[in-house]
Structures are given as C-alpha cells and as structure tokens.
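Contents: one structure, followed by commentary.
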Amino acid sequence: MRIVYILTIITVLVAHLSAQTPVGTWSDHLIYNKAEDLAVGSEDIYASTGSSILVFNREFEELRKLSKINGLTETGISTIGWSEENNTLIIAYTSTNVDLVTDNTIYNIPDISLKYIPGKKVINRIRTKGRYAYLAGSFGIVVIDLIKKEIYDTWKPGDNDRTAEVWDVTFGNDEIYAATNMGLFYADASGEGLSYSGNWTPENRLPYPQGNYNALLYTGNRLYANRSGENFEGDSLFVIGTACSLFLYEPGLFNRSLEPGPDGFAVSSGTSARYYSTGGTLIKTINSYSPGIPDIVMTVPDNNNIWIADKNSGLLRLKDMSVIEFMNLPGPVSNDAINITTLNGKTIICGGGVDISWNNLWKPFSVSVNENNSWEKITSAQNNDAMRAVIDPRNSNHFFISTWGTGLMEFENNKLIKNYTDANSVLNNIIPGKPYVRTSGMAMDDKGYLWITQPEVPGTIKTLKPDGTWIINPVTIAVPTVGDILITRAGHKWVLLPRGYGLFLLDDKGTPESFVDDVSKKIMVTDAENKVFSYYFSIAEDLDGNIWIGTDQGPVVYYSPERIFSTDLKAYRIKIPRNDGSGLADYMLGTETITAIAVDGANRKWIGTSGSGAYLLSPDGITQIAHYNESNSPLFSNTITSISVDNLTGNVWFATSKGVQSLRGDATEGAEQFTNVYAFPNPVREDFEGNLTITGLMKETRVSITDISGNLVYKTVSDGGQASWDLRTYNGQRVATGVYMAFCAAADGSQSCVIKVLVIR
C-alpha cells in the first residue's frame, strides 16, 4: 500500500500570479466544467471530472481541486464514493487502482490493478456502509475495509459458476442487492460465502429476470431496480415492495443513477432528473437550466438542495429547490491537446489532431487561451480539428489557428475575425464542397508573414502577408502528408514530411514574393554513418542556431544548418560514453520516439516521448538533467504530444494524452537590460521550502548574495534570465532571518543592479 502525506490535500484555487509560483511547482490545467460522478459529505461535496476531483466546502462556500499534482495516484478516474462514518473519499481509477483520501493522507490500494483478471477490468460504482466500501465491477464486488485500509473480500454474484458484471449495489434491511448484466441478485448482508456465485439468489419477481440492470436503490422499505433499455427503447425502472411494478418508463429515457437523500431519492436520466419523496411521490423535475443543455449523470438530494453532476456544465447546486448555481473552476475547453504554443505569457492549446494515417479525427474545434491566470475558451460548431497556433510576436492579442479540414482561422482579442477557406482565399480543398481545407504547419517570420503548409494540393507552401494578400510558392511537395514548418534565424524554412517522406528545405533569400532565386531540396535525414532516419515527429531550433529533429530513434542535430543547401550535410546523433571500460557509447534516447522538442532560456532541451515521459537535457544534449514520468513525478501520462516553454515565466507546458499541465522552470529568456529584475517569494516566509528565484536578468548574469553586513553567502550564474538560490550558505546551512542583498552583474560587466530580499525563519 502506498501512502502519500500532503501538507494541503487540495490546492485552494487562488488566482496568484504565475510569476510568483515557486520554481519546481507543478500546476494542472484540466477541465473543471465537467462532472461525471458525485460524492456528498457533511463538510465537502466531491465531483469527479474524469481526470481530477472538484471539491466544494459547505462552510466557506469555497471551490478547490484535487489531482495528481497534489497527491492522487493517477489521472483517469472511473468513479468515486464517500463514507461519512469513516470520513473517507474512495477514488477508483480506470486502471482499477484505488485511493483512499482521509485525514490529509492518501492511501493507495493497488491490489485490484495488479491482479490478473481475464477480460474487461473496470470499477463501475462505489457504495459504502459502516466500515466498508463496496466496489461494483466487471469482476464482481470488492469489499474494502476502510479502517484497516485493505481489501476484505471479493464477492461474485452470478449463476452457474459465472461471475456477473456488477453495475451497482444497495443494502436492504438484511440483504445486499447487486444489479448486474445477468439480472438482479441478492444475498445475506453478512457476507458469508458470497465469493461463491451459488450463494446469490436471482430476483425472479422482475419481469425480465435475466435483463441488464444498471442502477439500484433500497429506500422506504422498497427496492428500485433500473433495467437498461435496448435498441434505444428507453429504460424501465421497477419498484419491488410487497409486489413488483413499473415505476417509471418513457421512450428514449435512460436512467443513469439512483441516489438516496434525507427525505427521498433522485433519478438521473441525462436530459432530466427527478426528485421523489421516500414514498415515491414526484416532488421536482429538473430538465433545463441556462446556459447549457442538461447532460445529467447523477443527482443527490441534500435537505433543501440538490447536487447535480453534469457532463456539459460540471457541478451544479439547485439551491432551495429553485435557483441553479454553477460551481466550476477556470480551465481549458477539454483535456484534449495536440499542440501547445506559448509566447510572452500567453499560452494557446489546440485540441484537435489526426490519426496515425493523418486522417481526420473530426474532433469539435476547441482552442483554450491562458493569459494572466485566466482562461478563454474558443469553440466553433462549424470547424473541427484545431491543429496549431501561431502568436504574432508584434501583438500577442493577434493569433492564428490551423485546422485539419476547415481552413485557417484568424483571431484578435480571442475573437474570430476571419476564417480563410477555399471560398475566400488561395487555400485549396482536397475535396471541393467538403470540409477538407487542411492547414497543418504554421510559422511567422520576422516580417509578420505567416507561412502555411497544405498537403496534397498545388502550392504546398502558402504565405499570408500582414496586408491580407497571399503568396503561393510554386513548389509542390508531392507527398501525402506535410507537417510542421520551422523558420530559422537565418530565414530558412524546414518542413517536416511525416510518415517517412523526409524533410523539405527552402531558402527564399528573404524575398518570398520572388521565386527566381529560391533554393529548395528534399532530403532524408542521414547521419555520418549513413544511417537513414525516416520518421520525424518534431523540430526545433536552439539558441545557437542548431536544428534538433525528433525521430523514432531519438533526437538528431544539424550543426551549421545553413550549409545544408550547399553540401550533403549529415545529422549528428549524440553519443553517451558508458564509462564502464568498454570504450562503447550509447545514443542519447536512441530507443525513444521523440514527439516534442522545446528549448528554454538556458538553451536546454525539453524532450517529449511517445511512451517514456519527458526529459530535460543539457544545452549540448549530452547530459540528462531530469526525467519526468508517471511513476516519479506528477506527470499525468508518459505519452507527450507537445511541449512549449514560456519565454517570460520559464513555465514548461506539457500536453499529454491525459491532459495539460505545467512545471515552473528555472530558466527564462535573457533580458536585454536590467529593467524588470525582482525576486520571489519576497519576503520568504517561515513555511517556504523551495528556492528563491531572481528573474528578469540578462543571459549569464553573475549573481552574488550577501548578508546585510556584506558577507558573501552564495553566488551563481543565471540560467538564461533567471537564477535560483536554495536559501543555504556554502556549507549547507539554512540562512537566518534577515535582509540579504543580491548583486547582479551582466556577463560583460556593462550593467548591474541590486535587490533586497527579506528572509523570515
């Protein structure tokens, strides 16, 4: 059993400035306007978003969140449950891993996930009674002792030695009932012998005794059992008292959950929810609220309130049975993220993508913009598969979004100002009249010209000028897939050709309107040993002008890349000596598929992979500084789709297969002069355990820290525009309370500045 102790079990959502976030701090950027499950306690209300937990505190009317960032074992959540008797939140993950959250401690129970179970393995529902939690799943019912924090038993309702898939459980006076795909079963609630299916009795009073029953509730000495409808006919909710009768049926109505309350119960049915008295009298119907169309997963009566989990609208409260309140936290449109772009404090997440063959995924158009700790969500019913973003360096409020089917979209202040398609621009459509105006790669040059790639059409490379006119380069790249385009500091264009088609290189001599002097070539990446690399997934230029390309066999580097047009320039694979006396060396990440490459202010390389998480490499790529994966860090997933580094804050943004998160990095882009130098946190409080950060520095600034008497305490050189101090002296002692001076000097001695820092111990 894994135990995690956390200082603050749930991060309070306070919009503190990102610039003040300590270096090394992880932040989640998950969707919080979606709720898939509810657990109602006397102090807190818990709503599962599918990736994290939204928490509402009754006393302070405060929203908080709990995710892998602050202690949860995983990201994908299947269902949750609450035990009031044991003050414990039970979280079941899609992997069937289980967390128990109690008393500011998270206890992990991995037993179910580690056990081999043939076929499907999923936990569908959690109910609690006394000291136990009952996990209904595809393998029966697992009983967890919440006091001992261990599995107590496994029960297997079914017949003929077959274990049924259990969707829900409920307790009567002396019985436990199980809703399964093989009918409704009951047994003695003592639990004796329930690991044997023969000790479970089928409930034959139901009209369809072998039907699929997906929800159960025992209340008011009556048993309510929901039979899942077939062929879109709608569900049938039956009630069993002295006899069995049909309680609720409407064509097309599908009941998702039955939940008890103090004086009644609730039936949730997607587009509506119904609240009944204990005796079965309808009290309230909820079938509309604005904004949004109801997609209700669960409703829980709570005295004079009703709590609602809605897939579209998140956590809601029907206060005093009359007023709908939306209780959401800021976040992106969704957890889908194919690409992240950052510049000057603005981050844009695109939630589209393509499949392995570069066909449409037909994901609804979703773009999320983060700036100044606020989120703007951009959606469109007419567009799909947002691919890439480009932020105008001259005006960060101006940006473009490429799509895989509906052209190019231009935005100002997060408002669409133009959608370029084949109908109003030079963009081509693969299938006229259909949504196949595919724009994949984008990059903007220092003149504000936007360069775009379009596959499978004449004029693969097109350029949109700031005045709104277009340039079509006459070169057509005759391959079916054309990906990202990189514009180097020398003005050269490097275009990735995914799926084994190589690279396309263009030197337009700085005259995009004139083609007579253009030089172009198509190559396959080849190293000095004539090894050919066919598959490329990412590309970046570092601060020294070198070109890094992510392949299916690790990263390769082109040094002096401007020579590639005049010579048969070879790529370089970074070799790491084994230092075992063998004289052999291995290639850096040579077995990894490199899906993302980003360069920070210290010229270090952030590398994303398809299955091993993220790496931080030294500027030359020879030294592995850090490796982040699911097991050793808060990283949501080992599958990374994009990485971007904010040049102003040093925030490193990761797009993963399970959502977006960021890590406050220790390197920013070096400033041209000391005009905005500051330290944070300042003052340093007694409970602060991280590093003091000095930011706004020039590249390779020399930093000397002294006490108020002028005694040298620490010195360092900045990584890009940022330096860190662990608040210790050279001998490792924590510094005492006092005022400390940070003397900062440019590498060439041309500029200097001094800042004061107050440390409280």
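Brief remarks on what is shown
- Of all the listed residues (253, 217), the sole one being touching a Gly at 6+ places or on another chain (Cβ under 9 Å), closer than 25 Å to residue 80 by Cα, crowded, with 17+ Cβ neighbours inside 10 Å and aliphatic (A, V, I, L, M) is 253.
- Annotation: residue 246 fulfils all but one of (1) surrounded by fewer than 17 Cβ atoms within 10 Å (Cβ to Cβ); (2) part of a loop (DSSP other than H, G, I, E, B); the unmet one is (2).
- Counting only strands (runs of 3 or more DSSP E) wholly contained in the range 635-709, the ones carrying 2 or more residues that are over 30 Å from residue 736 (Cα atoms), touching a residue at least 12 places away in the same chain (Cβ under 8 Å) and in contact with a helix residue (DSSP H, G or I) (Cβ under 9 Å, 6 or more places away or on another chain) occupy 659-664.
- Among the residues examined, residue 379 does not qualify as at pLDDT 95 or above and either over 13 Å from residue 401 (Cα atoms) or assigned to a strand (DSSP E or B) (or both).
- Test: residue 467 is modelled with pLDDT of 95 or more and surrounded by 21 or more Cβ atoms within 10 Å (Cβ to Cβ): no
- The sole residue among 141, 147 that is in contact with a Leu (Cβ under 9 Å, 6 or more places away or on another chain) and under 24 Å from residue 89 (Cβ atoms) is 141.
- Top-ranked residue in the range 384-406 [being small (Gly, Ala, Ser) and under 22 Å from residue 641 (Cα atoms); ranked as surrounded by the most Cβ atoms within 10 Å (Cβ to Cβ)]: 386
- Remark: residue 449 matches the filter, which requires a residue to be touching a Ser or Thr at 6+ places or on another chain (Cβ under 6 Å) and either among the aromatic types (Phe, Trp, Tyr) or farther than 22 Å from residue 512 by Cα (or both).
- Candidate set from the range 183-204 (those that are on the phi > 0 side of the Ramachandran plot and outside any strand (DSSP E or B)); member that is surrounded by the fewest Cβ atoms within 10 Å (Cβ to Cβ): 193
- Residue 719 being exposed (fewer than 15 other Cβ atoms within 10 Å of the Cβ), under 25 Å from residue 645 (Cβ atoms) and under 40 Å from the mean Cα position of the chain (by Cα): no
- In a residue-by-residue description of the range 449-467, the property of being without any contact (Cβ under 8 Å) to a residue 60 or more places away in the chain, among the hydrophobic types (A, V, I, L, M, F, W, C) and not in a strand (DSSP E or B) applies to at least one position.
- Unique match (being buried (at least 17 other Cβ atoms within 10 Å of the Cβ), of a type in the set (Lys, Arg) and over 25 Å from the mean Cα position of the chain (by Cα)) among 115, 129, 156: 156
- If you go through the range 364-383 and keep only what is under 16 Å from residue 644 (Cβ atoms) and either not assigned by TED's automatic domain parsing to the domain that holds residue 412 or not charged (D, E, K, R) (or both), you end up with 367, 368, 369, 370.
- Remark: pairs (first residue in the range 381-409, among the aromatic types (Phe, Trp, Tyr); second residue surrounded by 21 or more Cβ atoms within 10 Å (Cβ to Cβ) and not in a strand (DSSP E or B); Cβ separation under 8 Å; 6+ apart in sequence or on different chains) = 404/352; 404/385; 404/439; 404/440.
- Residue ID - nearest to the chain's Cα centre (by Cα), chosen from residues in the range 738-751 that are loosely packed, with under 15 Cβ neighbours inside 10 Å and over 19 Å from residue 680 (Cα atoms): 747
- Residue in the range 214-225 that is closer than 30 Å to residue 304 by Cβ and not in a strand (DSSP E or B) present: yes
Let's see how each residue does on (1) in contact with a Phe, Trp or Tyr (Cβ under 8 Å, 6 or more places away or on another chain); (2) part of a loop (DSSP other than H, G, I, E, B):
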| site | (1), (2) |
| --- | --- |
| 290 | no, yes |
| 316 | yes, no |
| 324 | yes, no |
| 332 | yes, yes |
| 340 | yes, no |
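- Close contacts from the range 177-197, counting a first residue that is within 17 Å of residue 225 (Cβ to Cβ) and a second that is modelled with pLDDT under 90 and of a type outside the set (Phe, Trp, Tyr), with Cβ to Cβ under 7 Å and a gap of 6+ residues or different chains, come to 182/159.
- Selected residue [touching a Lys or Arg at 6+ places or on another chain (Cβ under 8 Å), surrounded by 13 or more Cβ atoms within 10 Å (Cβ to Cβ) and modelled with pLDDT of 95 or more] from 486, 543: 486
- Residue in the range 392-400 that is basic (Lys, Arg) and in contact with a strand residue (DSSP E or B) (Cβ under 6 Å, 6 or more places away or on another chain) present: no
- Residues considered: 655, 747, 667. Of these, the only one that is closer than 30 Å to residue 31 by Cβ and in contact with an Asp or Glu (Cβ under 8 Å, 6 or more places away or on another chain) is 667.
- Failed item in (1) over 26 Å from residue 342 (Cβ atoms); (2) part of a loop (DSSP other than H, G, I, E, B), with residue 714 passing the rest: (2)
- Within the range 347-369, the residues that satisfy the criterion of being in a strand (DSSP E or B) and among the aliphatic types (A, V, I, L, M) are 348, 349, 354, 367, 369.
- Only one of the numbered conditions (1) assigned by TED's automatic domain parsing to the domain that holds residue 542; (2) within 26 Å of residue 72 (Cβ to Cβ); (3) among the small types (Gly, Ala, Ser) is not met by residue 621, and that is (2).
- Condition check for residue 445: charged (D, E, K, R), within 26 Å of residue 599 (Cβ to Cβ) and out of contact with any Leu (no Cβ under 7 Å at 6 or more places or on another chain): yes
Residue-wise test of (1) modelled with pLDDT under 95; (2) among the charged types (D, E, K, R); (3) buried (at least 17 other Cβ atoms within 10 Å of the Cβ).
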position	(1), (2), (3)
560	no, no, no
575	yes, yes, no
579	yes, no, no
583	yes, no, no
588	no, no, yes
592	no, yes, yes
596	no, no, yes
600	no, yes, yes
606	no, no, yes
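The values are calculated or read from the model by the stated rules, or taken from the named source; none is laboratory data. Note that the structure is predicted; figures quoted are calculated from it, not measured. Cβ sites come from the backbone with ideal geometry, for glycine too, and all protein chains shown count toward neighbours.
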